[in-house]
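I have placed the structure first, in the form of C-alpha cells, so that the comments after it can refer back to it.
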Amino acid sequence: MRLAQKAVAGDAYSVVMADVRADGAPDLVVALPGQKQVALIPGIGQGALGAVVLVPSGTSLQQLSAVDVNCDGRTDIVASSSNENKLGLLLGSDTGLQNGQTIDLSAHQIGVAQSLAVADVNFDGLPDLLVGSSQTPAYLLIPNISP
C-alpha cells in the first residue's frame, strides 16, 4: 500500500473523496473551517494526488458530503457549517470546485446544522438533504437541493 501526505494549513474537520472534476480520478476535499475554505487535492491517477488548491467556501464548513446536487454529472460538495446557521454548497466543474454558495437556515429555526445526509427521500430522482440539529426541531428535510 502506498501512502501519501499533503500539508494543508489549519484544522481539517472533515474529508471526502469524490470525483469533483469528472475526470475519472477521485479527488480529496478537506474542510478548513477556520479559514472559510476547502482544500481540493486533485487525484492525478494511480493513487497519486496533485497540488493543493484552496477554494473559498463562503462559511466555516464542518461535515462534508459529496453528491451531484444539480444533476450535471459532476460531484458537488454540500456541508454543514461549524458555527453558523448555514450550509455550504460548492459545485463541481471540469477544473475543480466553484467558489462556495451558502444556504441560510435561519427561517427554519433549526439552529446550527450539526450533521447532514443526502438521499432521494421522496423518490423523484433528485437529491434531498436531511439536516440534523441538537435543537428542536431536531431535523429538517430540504427537498430537491439543486441550486
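The values are calculated or read from the model by the stated rules, or taken from the named source; none is laboratory data. What you see is a predicted model, and the numbers here were worked out from it, not measured in a lab. Each accessible area value is taken on the protein alone, full model and side chains, heavy atoms only, with ligands, DNA and RNA left out. Shrake-Rupley method; radii C 1.70, N 1.55, O 1.52, S 1.80 Å.
Each principal axis of the Cα cloud of the range 98-141 was evaluated for its coordinate range; sorted largest first, these ranges are 30, 28, 17 Å.
When the chain is treated as a Gaussian network with alpha carbon springs shorter than 10 Å, the biggest mean-square fluctuation among Ser57, Ser65, Ser106 belongs to Ser106.
A full extension of the chain between Ala25 and Leu126 corresponds to an added length of 33.9 nm, given 0.36 nm per residue minus the alpha carbon distance. Built from the Cα atoms of the chain, the convex hull projects on average onto 9.0 nm², one quarter of its surface area. Among the protein heavy atoms of the chain, carbon and sulfur supply 52% of the accessible surface, probe 1.4 Å, non-protein parts ignored.
If you run the Gaussian network model on the chain, springs between alpha carbon atoms under 10 Å, then out of Thr75, Thr95, Thr59 the most flexible one is Thr95.
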